[in-house]
């Protein structure tokens, strides 16, 4: 699976690079430069997050996480995870590190999906800092309102699909 | 309100380190020290090796995700994207908006101005909601660059497949709320 994803992604990179090259050398160089710079700047953040969440998961005793967010926690666990996601401040490093640490230390996968979906869709600080300044406020509130049920739907659909 | 989309908005000033990374770094250090002192040196290195190798395996994908994001941003004229959604309506409009949400790379600073432009060009709130939710939940660059290194390939694919209907659901819900009398047009100039 992981090899197939690598081949697919790099195939897409190849096609896009060829299209860019046909429109000029400068465009190709720009794309490579911007992409590689983005990668280099992201590396330390993702590295700290991935390795850090591994240690946080290891340090947390399982018996703290499992009753609240474990696979047996059911709907209540999904509600707790959704609230936690809405209240988690910070950028992707924070949200994904917490989700990964919870998953590794015994949280159920649907609960983690509810957490990261809620955090991605309506973490309160993000609505206020990013979305309201750039969008009409009433559209932002409308989007947040209709997003309220989505973490539950995401968790439910994931359960229906069954973990691969 | 951004009615014209070119030249592209300035990308967010990216630093290799920011305050949220600093907090995670402090937490990680404390957790690593706990594991070392409580479980011993051997266990500490086992955890370290397994996490570093997970991270290492994901690096080629993250690099590919960054390159795809950069090329799509350069090659896809955003005016064209906005015009497509602006002129569509009905269920097809939601599908097109969700597809562009999946396709467009970038962070909040590039996505929200595009969404605002959709509104100005006549897209309804449902299409705009579908676009933003789609970018948030099934946008591939975000998933490849951010989510894969943390959760691994199988988990992320599972989460995304389960999320595919959600942008459409959100768009339909938004249309229901608007039909019930929610006003949003008066703010759009």
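Peptides B:23-34, B:165-176, A:53-64 ranked from most to least packed by the mean count of surrounding Cβ atoms within 10 Å: B:165-176, A:53-64, B:23-34. Across chain B, the mean sequence separation of Cα contacts (distance under 8 Å, 6 or more residues apart), normalised by length, yields a relative contact order of 26 percent. Note on chain B: with a GNM built from Cα contacts shorter than 10 Å, the maximum mean-square fluctuation among B:145, B:49, B:156 falls on B:49.
For peptide A:7-16, the mean count of partner chain Cβ atoms within 10 Å of a residue's Cβ comes to 5.
Each peptide in B:120-126, A:30-36 gets a packing score, the mean of other Cβ atoms within 10 Å over its residues, and the list from highest to lowest is B:120-126, A:30-36.
Which distance in Å, rounded to a whole number, links the C-alpha centroids of segment B:119-177 and segment A:106-138? Taking the Cα centre of segment A:106-138 as reference, the centre of segment B:119-177 is 12 Å away.
Of interest is the spacing of the C-alpha centroids, which for segment B:30-53 and segment A:1-27 amounts to 38 Å. Counting only other chain Cβ atoms within 10 Å of each residue's Cβ, the peptide B:130-140 averages 3. Can you grab the distance from the C-alpha centre of segment A:38-73 to the C-alpha centre of segment A:146-164, Å, no decimals? Segment A:38-73 and segment A:146-164 have Cα centres spaced 21 Å from each other.
Legend: mean number of C-beta atoms from other chains within 10 angstrom of residue C-beta atoms, peptide A:107-119, equals 2.
Relative to the longest principal axis of the Cα atoms of chain B, the long axis of helix B:19-39 makes an angle of roughly 30 degrees. Using the Cα coordinates of segment A:3-149, the gyration tensor eigenvalues translate into equivalent-ellipsoid semi-axes of 34, 23, 14 Å, sorted from longest to shortest. Annotation for residue B:80 and residue A:33: the two label points, set 7 Å from Cα along the Cα-Cβ direction, are 2.4 nm apart.
Shape index of the protein assembly as shown: Rg/Rh, with Rg the Cα radius of gyration and Rh the Kirkwood radius from the inverse mean 1/r over Cα pairs, equals 0.97.
The Cα-based radius of gyration of segment A:1-59, divided by its Kirkwood radius, gives an Rg/Rh of 1.18. In chain A, Cα pairs under 8 Å separated by at least six residues give a relative contact order of 20 percent. In this rough spin-label picture, where each label sits 7 Å from Cα along the Cβ direction, the residue B:89-residue A:10 distance is 4.8 nm. Once both axes come from the Cα atoms, what is the angle between helix A:74-87 and the longest principal axis of chain A, in degrees from 0 to 90, rounded to 10? With rounding to tens, the tilt is 50 degrees. Rounded to the nearest 10 degrees, the inclination of helix B:125-138 to the longest alpha-carbon principal axis of chain B is 20 degrees.
A simple spin-label model places the labels of residue B:41 and residue B:23 3.5 nm from each other, with each point 7 Å out along Cα-to-Cβ. For residue A:2 and residue B:121, a Förster radius of 41 Å and the Cβ-Cβ distance give a FRET efficiency of 0.50, rounded to the nearest 0.05.
Read-outs throughout are calculated quantities, based only on the coordinates presented, and are distinct from any laboratory measurement. On a predicted model such as this, the values are computed, not experimentally measured, just so you know. Please note: Cβ atoms are built from the backbone with ideal geometry, for glycine as well, and neighbour counts cover all protein chains shown.
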